[in-house]
Amino acid sequence: MSDRKYWLGFNLVKGIGPAKVQALLDYYGSLANAWQANEYELQKIGFDRRAIKTFLKTREQTDLDNALSRVQQAGVSLFTWEMPGYPSYLREIPNPPPLLYYQGEILEQDQWAVAVVGTRRLTAYGRQVTRDLVAGLVQNNITVVSGLARGIDAIAHQTAVELGGRTLAVLGSGLDCVYPAENRSLAQEITQGQGAIISEYGLGVQPEAKNFPPRNRIISGLSLGVIVVEAGERSGALITTNFALEQDREVFAVPGNINSPASRGPNKLIQEGAKLVTTVEDVLEELNLHMVAERTAVQLVLPETAEEIALYGRLSGQPTHIDELSRSTGLPSALVSSTLTLMELKGMVQQVGGMNYVLLREDGPIYNTTGKPPQES
């Protein structure tokens, strides 16, 4: 936690993104150490002259304690890569934001999330379909993710709020520069117990056009899948679907009138292989999201067999590969795989891609009900 101000400091340096932050961590071990870097060391790890100059100038002009205090006084919280509350799905994507600013709450249950995006120039059809789909997601305890833009985004957030669901809004600006202005009250409603507004941009950053494509990778990164309701052929919503595909997320599209400009985007996505959506059931079935509430409740189940106990003790909120689990427990790969499958059905663990697994609940006391010790390596 004491390192947060250094993560904040590097976030304020223009030109230092996820790749450079990772390089700093690899070389220095922490951003606290990296903040003291000299020009020679930065050149050694591959920083160009412009990035070095910008960093040195920012370091000279920035009081990190004051910067952190300003964030806290604004009621804004921070998540870094190294904090356990950082959204696990987002951490998996290429170039995840090293620092997230947020207001409200990001909860463990928000891992069950679907993005709903689309055009600012929505039709009556798009409005109704958005409300219907979001209502279905809320009824199934699915968090709705979008970008707080006019049109489809705003309807998605508003519907989730009205129905008592959870929603995450990702901004292309600082959290104190909510855009568009007419959605500021909606943003406030979201933060009052029904989700969070999120950004990788610091306080005072204005909603410039260049900020929105990178913002879209966070929308898809927080989600299991992305639904495009209405969108023109060059809509920003389609940028989100491109990120979704890169991140191995599912893409869904709502078919529309072939003569409607607002339906050209989703109709084209369907032609290219996106899952056609007519009801929320299409999304729930594809993502295996039926009965999320029940699956969440089942997370209270304790490991029962010796194999489950052994695996449970070596899993956390961070992804662990199945081969590593086999090595660390001494269990055969086939037994590890079959045990993890059963644990996933119970809602104890989840595969998060690439044969990596995470726990789905906080650590607690583990009770061995079998009377047999777990196998150790």
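Before we move on, is Val129 surrounded by 16 or more Cβ atoms within 10 Å (Cβ to Cβ), within 16 Å of Val277 (Cβ to Cβ) and aliphatic (A, V, I, L, M)? Against the criterion (surrounded by 16 or more Cβ atoms within 10 Å (Cβ to Cβ), within 16 Å of Val277 (Cβ to Cβ) and aliphatic (A, V, I, L, M)), Val129 qualifies. Residue pairs whose Cβ atoms lie under 9 Å apart, separated by 6 or more positions or on different chains, with the first residue in segment 260-278 and on the phi > 0 side of the Ramachandran plot and at pLDDT below 90 and the second open to solvent by less than 40 Å² (accessible area, probe 1.4 Å) and outside any loop (DSSP other than H, G, I, E, B), are Gly273/Val251.
Evaluate the following for Gln103: is it more than 24 Å from Tyr357 (Cβ to Cβ), open to solvent by 20 Å² or more (accessible area, probe 1.4 Å), part of a strand (DSSP E or B) and at pLDDT 90 or above? So that I can check it myself, show each step before the final result.
Numbers: more than 24 Å from Tyr357 (Cβ to Cβ): yes; open to solvent by 20 Å² or more (accessible area, probe 1.4 Å): yes; part of a strand (DSSP E or B): yes; at pLDDT 90 or above: yes.
Here the answer is yes, as Gln103 does meet what is asked.
Just one of the numbered conditions (1) over 20 Å from Lys275 (Cα atoms); (2) open to solvent by 10 Å² or more (accessible area, probe 1.4 Å); (3) among the aliphatic types (A, V, I, L, M) is not true of Leu148; which one? The one condition Leu148 does not meet is (2). Check segment 233-254 and report whether any residue there is part of a loop (DSSP other than H, G, I, E, B), open to solvent by less than 30 Å² (accessible area, probe 1.4 Å) and touching a Pro at 6+ places or on another chain (Cβ under 6 Å). Among the residues of segment 233-254, at least one is part of a loop (DSSP other than H, G, I, E, B), open to solvent by less than 30 Å² (accessible area, probe 1.4 Å) and touching a Pro at 6+ places or on another chain (Cβ under 6 Å), which makes the answer yes.
Before we move on, is Gly193 more than 19 Å from Pro98 (Cβ to Cβ) and touching a residue at least 60 places away in the same chain (Cβ under 8 Å)? So Gly193 fits the description; yes. In a residue-by-residue description of segment 82-91, the property of being in a helix (DSSP H, G or I), open to solvent by 30 Å² or more (accessible area, probe 1.4 Å) and modelled with pLDDT of 90 or more applies to no position. When only residues in segment 1-31 that are under 20 Å from Ser77 (Cβ atoms) and exposed (fewer than 15 other Cβ atoms within 10 Å of the Cβ) count, which is modelled with the lowest pLDDT? Result: Met1. Taking residues in segment 326-347 that are surrounded by 14 or more Cβ atoms within 10 Å (Cβ to Cβ), and partners anywhere that are of a type in the set (Asp, Glu), the pairs with Cβ atoms closer than 7 Å and at least 6 places apart or on different chains are Leu331/Glu307; Leu335/Glu307; Thr339/Glu307; Thr339/Glu308; Met343/Glu308. In segment 219-232, of all residues being over 18 Å from Val129 (Cα atoms) and not β-branched (Val, Ile, Thr), the one that is surrounded by the fewest Cβ atoms within 10 Å (Cβ to Cβ) corresponds to Leu224. Taking first residues from segment 40-59 that are touching a residue at least 24 places away in the same chain (Cβ under 8 Å) and partners that are open to solvent by 80 Å² or more (accessible area, probe 1.4 Å), the Cβ contacts under 6 Å between residues at least 6 apart in sequence or on separate chains come to Thr54/Lys14. Residues of segment 108-123 that are open to solvent by less than 60 Å² (accessible area, probe 1.4 Å), of a type outside the set (Gly, Ala, Ser) and either closer than 17 Å to Val138 by Cα or outside any loop (DSSP other than H, G, I, E, B) (or both): Asp110, Gln111, Trp112, Val114, Val116, Val117.
Among the residues of segment 48-64, the ones that are outside any helix (DSSP H, G or I) and at pLDDT 90 or above come to 2 in all.
The values are calculated or read from the model by the stated rules, or taken from the named source; none is laboratory data. Every value quoted in this text rests on a predicted model; they were computed, and no experiment measured them. For neighbour counting, all protein chains shown are included, and Cβ atoms are generated from backbone atoms with ideal geometry for every residue, glycine included. Each accessible area value is taken on the protein alone, full model and side chains, heavy atoms only, with ligands, DNA and RNA left out. Shrake-Rupley method; radii C 1.70, N 1.55, O 1.52, S 1.80 Å.
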